[in-house]
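Let me begin by presenting the structure, written as structure tokens, before commenting on it.
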Amino acid sequence: MSIFWQVPQYFIIGCAEVFTFIGQLEFFYEQAPDAMRSLCSALSLTTAALGNYLSTMLVNIVTDVSSKDGKPRWIPDNLNYGHLHYFFWLLALLSVVNLGFYLLVARWYTYKRAVVPNSDLYTNDGTVDIHKKPANKKKTGNWKACRFILGNECCERLAYYGMGTNLVNYLEKRLGMGTAKAATSVSNWSGTCYATPLIGAFLADAYLGRYWTIAIFSIVYVLGMTLLTLTASINGLKPHCDSSGCNATASQRAACFVALYLIAIGTGGIKPCVSSFGADQFDETDETERKKKSSFFNWFYMSINVGALIASTVLVWMQMNVGWNWGFGVPAVAMAIAVVFFFSGSKLYRLQKPGGSPLTRIAQVVVASIRKCKVKIPANKSLLYETADEECNIQGSRKLEHTNKLGFFDKAAVESETDRAKELPSPWSLCTVTQVEELKSVIRLLPIWASGIVFATVYGQMSTMFVLQGNTLDQHMGPNFKIPSASLSVFDTASVLFWAPIYDKLLVPLARRFTGHERGFTTLQRMGIGLALSIFSMVVAGILEVVRLGTVRKNNYYDLEYIPMSIFWQVPQYFIIGCAEVFTFIGQMEFFYDQAPDAMRSLCSALSLTTVALGNYLSTLLVTVVTKVTKKNGNLGWIPDNLNRGHLDYFYWLLAVLSVINFLVYLWIAKWFTYKKATGRAQ
């Protein structure tokens with residue numbers, strides 16, 4: 001009998017641990033007196049010690065009792081002569097008795113009630129609970145709310161990557177697209193997935209709030225996933241395939257792309273809001289919670305990659321070996337589970353109130369500045385217009401201190417005689433300092449934002465050129481198992497899962513000793529390290545392609561489908577990109593959340609995501625231009641359908657050169673960046 005029959009019992013115990021041990025840790029921490037929390041945590045750990053002693057005692061008693069009268073023991077040295085199952089029944093019976101006793105004890109338990117000063121009872125960042133009442137610090141937010149958000153994100157990313165990781169192969173092999181056409185179609189679709197967040201973010205910041213935006217767009221996402229599954233499952237919608245290949249009609253292609261772009265719309269409401277919504281669970285005015293928020297971004301990105309890990313292994317294998325109907329159906333179910341996860345935590349969430357249209361406020365500052373272009377700005381900047389209250393007049397936002405750069409826009413906050421004569425001046429002629437600083441903050445973010453586009457182009461190669469390169473290599477792992485080329489992105493995911501906790505638990509404390517910064521590295525330094533690493537990923541990919549093409553030329557393998565080189569030579573390029581992600585993408589999320597005005601955080605998170613959209617569009621543009629230029633005079637070009645006759649290495653060198661130039665420009669931009677300064681409290 002296979003030892004793997006034991007898997008269910010281990011799995012069920014693991015599930016029980018998640019509920020009992022983690023719940024026990026939380027319970028003993030919360031219910032312990034404040035000055036005795038370490039002692040009570042130690043008390044909770046003694047259950048494991050006493051459990052081991054009880055196990056020893058039971059084994060001894062059972063052995064003594066069951067071996068009387070010369071009978072075979074329940075647990076002899078040779079278990080084949082024993083009755084180990086009797087011992088398991090005994091433990092099951094004790095567990096039932098214990099559960100009954102626990103239910104009785106739990107029913108009559110009285111929770112401790114600590115006296116909390118009123119100022120510490122509610123958050124100071126303007127958040128409210130699901131009932132629109134001020135958010136109670138003890139009952140809402142923090143990690144107890146974040147686990148639902150992280151669970152939602154893990155399932156949503158499993159759905160997205162489960163459908164998108166291998167999409168280039170689906171379009172090429174099932175819809176009959178050429179290599180370049182399939183690659184550009186995936187790049188364009190992926191780019192749209194990262195452009196639509198601007199729509200979702202605007203609705204979240206202006207009208208709906210992040211919670212309801214995620215909820216509504218998640219439903220659109222599920223509809224898109226369902227339709228995509230149907231296009232791969234139902235006769236008439238799925239392409240007809242025979243021994244000569246697959247033939248897709250125009251209507252079948254149309255149905256597939258309608259589904260894909262429904263998904264792109266759905267993801268547009270989720271991507272810009274989930275990370276910001278998670279960060280909203282930590283009060284930025286509370287020093288303890290602020291430190292936890294920095295950790296949240298690391299764990300958030302890890303949850304993304306746990307979903308991606310399952311997608312790039314199990315789901316890609318299913319698509320290539322079981323069928324595309326199952327390969328798309330499972331992600332559709334995962335997305336439905338993500339929606340359930342999200343709504344399950346509703347009572348624990350802290351919600352930021354929407355602050356009205358941020359684009360209107362930006363337009364008001366621009367118009368007021370132009371109307372007052374001849375007005376002189378006072379030397380004493382405290383004379384610039386601002387509300388007298390501690391609270392900002394923008395819903396859900398704190399006040400921002402004045403900064404000296406981009407001084408032209410300060411004219412919008414200069415009070416003229418006409419403004420003073422009016423009881424309530426028009427916002428199109430007079431704006432507050434906070435409103436002006438909102439616009440300045442966004443303008444300051446733009447150069448940093450632009451520097452992420454080339455990085456996103458490099459990142460995008462994992463779902464296009466890396467997969468196509470892998471299609472030409474030997475995909476065997478052992479004599480009978482073939483690993484799909486798209487599944488190699490698992491090494492990118494593994495790299496993220498390896499580096500994210502190391503960064504959070506090892507590199508940050510180490511860097512903090514030298515820099516004195518509470519986060520170890522500033523977010524700008526963190527992003528810069530990632531940009532530098534991305535250069536090496538392209539260099540490594542280029543070197544592999546040079547070696548691969550050398551093997552082709554040396555052995556005349558031009559028309560061979562698979563080159564006798566292991567696909568695992570691609571692992572380093574995936575691993576380096578994964579490491580770069582931990583620095584750049586997580587740093588970018590944290591940076592855009594921190595430096596965005598409070599009432600524009602979804603919009604600025606969406607802005608950061610558009611780097612991925614533009615990176616994909618830039619990739620499409622580069623592939624199109626390179627193909628057109630290099631095919632002149634009857635040449636096959638750098639990226640022909642048969643890569644053995646092309647020069648994909650030249651394309652990688654081009655990306656490496658662009659990455660070096662981008663990194664140098666970034667260093668110059670980062671040197672002159674001015675951080676925002678928030679004061680007061682939100683409404």
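The values are calculated or read from the model by the stated rules, or taken from the named source; none is laboratory data. Predicted, not measured: the structure shown is a model, and the values here were computed from it. Here the Cβ is made from the backbone with ideal geometry for all residues, glycine too, and neighbour counts use every protein chain on show.
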Q) In region 356-378, is there at least one residue being touching a residue at least 12 places away in the same chain (Cβ under 8 Å) and touching a strand residue (DSSP E or B) at 6+ places or on another chain (Cβ under 9 Å)? A) no
Q. Of all residues in region 655-683, which are at pLDDT 80 or above and part of a loop (DSSP other than H, G, I, E, B)?
A. W672, F673
Q) Hey, any hits in region 251-265 for a residue that's in a helix (DSSP H, G or I), among the hydroxyl-bearing types (S, T, Y) and surrounded by fewer than 20 Cβ atoms within 10 Å (Cβ to Cβ)? A) yes
Q: Would you confirm whether any residue within region 183-205 is assigned to a loop (DSSP other than H, G, I, E, B), assigned by TED's automatic domain parsing to the domain that holds D280, buried (at least 23 other Cβ atoms within 10 Å of the Cβ) and in contact with a Ser or Thr (Cβ under 9 Å, 6 or more places away or on another chain)?
A: yes
Q) List pairs: first in region 269-287 and assigned to a helix (DSSP H, G or I), second of a type in the set (A, V, I, L, M) and surrounded by fewer than 24 Cβ atoms within 10 Å (Cβ to Cβ), Cβ under 6 Å, 6+ apart or cross-chain? A) S275/M589
Q: Could you please give the count of residues in region 141-169 that are more than 24 Å from A259 (Cα to Cα) and either part of a helix (DSSP H, G or I) or without any contact (Cβ under 8 Å) to a residue 12 or more places away in the chain (or both)?
A: 10
Q.
Looking at P331, P354 in this structure, which one is crowded, with 18+ Cβ neighbours inside 10 Å and not in a helix (DSSP H, G or I)?
A. P354
Q) Looking at R548, is it surrounded by 18 or more Cβ atoms within 10 Å (Cβ to Cβ) and farther than 26 Å from L309 by Cβ? A) yes
(Q) Being more than 29 Å from V220 (Cβ to Cβ) and buried (at least 23 other Cβ atoms within 10 Å of the Cβ) is the filter here; which residues of region 266-292 pass it? (A) D283
Q: Go through region 80-90 and give me each residue that's under 13 Å from V59 (Cβ atoms) and surrounded by fewer than 16 Cβ atoms within 10 Å (Cβ to Cβ).
A: L84, Y86, F88, L90
Q) For region 561-570, what are the residues that are in a loop (DSSP other than H, G, I, E, B) and surrounded by fewer than 14 Cβ atoms within 10 Å (Cβ to Cβ)? A) E561
Q) So N321 fits all but one of (1) surrounded by 18 or more Cβ atoms within 10 Å (Cβ to Cβ); (2) within 30 Å of C246 (Cα to Cα); what number is the exception? A) (1)
Q: Could you check region 383-486 for helices (runs of 4 or more DSSP H) lying wholly inside it with 1 or more residues that are outside the structural domain of W668 (by TED's automatic domain parsing) and among the aliphatic types (A, V, I, L, M)?
A: 417-421, 433-450
Q: Determine, yes or no, whether S243 is farther than 30 Å from V454 by Cβ, assigned by TED's automatic domain parsing to the domain that holds A332 and modelled with pLDDT of 85 or more.
A: no
Q | Selected residue [over 25 Å from S534 (Cβ atoms), surrounded by 19 or more Cβ atoms within 10 Å (Cβ to Cβ) and among the small types (G, A, S)] from A599, A613, A606 | A | A599
(Q) Name the residue that is surrounded by the fewest Cβ atoms within 10 Å (Cβ to Cβ), counting only residues in region 436-481 that are modelled with pLDDT under 85 and of a type in the set (S, T, N, Q). (A) N480
**Q.** Filter result (buried (at least 19 other Cβ atoms within 10 Å of the Cβ) and assigned to a helix (DSSP H, G or I)) within region 628-643
**A.** L643
